[in-house]
Amino acid sequence: MAEQKRGGSGAGQEHLLPGIRPPGARILLAEDDRDLRELVVRTLEDEGYEVHAATSGKDLVWMLESAILDAYPLDGVDLILTDLRMPGPTGLEVLRELRAAHWTTPAILMTAFASVELCATAARLRVEVLSKPFPMPTLAEKIATMLEDDAEERRARATVRAPRTS
């Protein structure tokens, strides 16, 4: 079952990357290892993110469908962080379906089983691969960088689309 978590205020916490993360960014996390899931949730909430955690691929799909109903197309989800191997569809299968539906939400695939083939597949899907085990500051930095890059791309697209006024 999905574990819904609300972002912590981070009050009194020293952020791993102060001033870099977009405040309150919403992250969907899917990780079947309870200890790692709890550590990631705690770390990201301390960074000021709102984290919603799932324990399986099936729960991640349910959370994504809920997000889609609330804010199409995933406007309410800023980043997806998922394990590769977990019960239900794998993280890669879920991300492949999202990309096939033309969703560009930034995504990170966590795995202890990285291979050249997996990295090539992930690159084609515009998904970052993060090899386990990883230090939490590395995860926080990767997320902050991806969210900032995504925000810059959105600003650039908005600038191109904006009508010119004389």
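The values are calculated or read from the model by the stated rules, or taken from the named source; none is laboratory data. It should be emphasised that the depicted structure is a prediction, and the values quoted were computed from it without experimental measurement. Reconstructed Cβ throughout: ideal geometry from the backbone, glycine too, with neighbour counts over all protein chains shown.
Annotations for the structure displayed:
- Single unsatisfied condition, Ser66 versus (1) part of a loop (DSSP other than H, G, I, E, B); (2) modelled with pLDDT under 85; (3) of a type in the set (Ser, Thr, Tyr): (1)
- Among the residues of the stretch 24-50, the ones that are part of a strand (DSSP E or B) and under 20 Å from Arg85 (Cα atoms) come to 4 in all.
- Whenever a residue of the stretch 85-99 is within 18 Å of Arg37 (Cβ to Cβ), its partners that are aromatic (Phe, Trp, Tyr) and at pLDDT below 95, lying with C-beta atoms within less than 7 angstrom and at least six residues away or across chains, give the pairs Arg85/Phe113.
- Among the residues of the stretch 51-63, those that are of a type outside the set (A, V, I, L, M), touching a residue at least 40 places away in the same chain (Cβ under 8 Å) and in a helix (DSSP H, G or I) comprise Asp59, Trp62.
- Being closer than 18 Å to Pro133 by Cα and modelled with pLDDT under 95 holds for only one residue in Gly7, Gly48, Gly91, and it is Gly91.
- From the list Met110, Met136, the one residue that fits, being touching a residue at least 40 places away in the same chain (Cβ under 8 Å) and either exposed (fewer than 15 other Cβ atoms within 10 Å of the Cβ) or touching a Gly at 6+ places or on another chain (Cβ under 8 Å) (or both), is Met110.
- The criterion of at least 2 residues that are closer than 17 Å to Ala53 by Cβ is met, among helices (runs of 4 or more DSSP H) falling completely within the stretch 77-164, by 91-100, 136-161.
- Leu98 being closer than 24 Å to Val61 by Cβ, within 14 Å of the chain's Cα centre (by Cα), of a type outside the set (Lys, Arg) and surrounded by 15 or more Cβ atoms within 10 Å (Cβ to Cβ): yes
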